[in-house]
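Values quoted throughout were computed directly from the atomic coordinates according to the rules given, and no laboratory measurement underlies them. Keep in mind that what you see is a predicted model, and the values were worked out from it rather than measured. Counting neighbours? That spans all protein chains shown, and the Cβs are built from the backbone with ideal geometry, glycine included.
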């Protein structure tokens, strides 16, 4: 990672029950090195949503930041697509 660049990830909001916080599920695909099968893995990230504008199902982009709480190290960068 280059100095001065912030890492970004894109995922789906799976929870918006907390105040100013959303849980974003980021999924990645890769080919298994031995068996050559496509494997899907996911990880949940807690992200800071200052205006409480995200809803469940929204596709969002999150950006890494300084630690904001015990588990929160990401902030909402933008909403890519609103849920229907």
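Taking every alpha-carbon pair under 8 Å whose residues sit at least 6 apart, the chain reaches a relative contact order of 30 percent.
With the convex hull drawn over the C-alpha atoms of the chain, the volume per residue is 124 Å³. The modelled label-to-label distance for the pair residue 28/residue 14, using points 7 Å beyond Cα in the direction of Cβ, is 1.6 nm.
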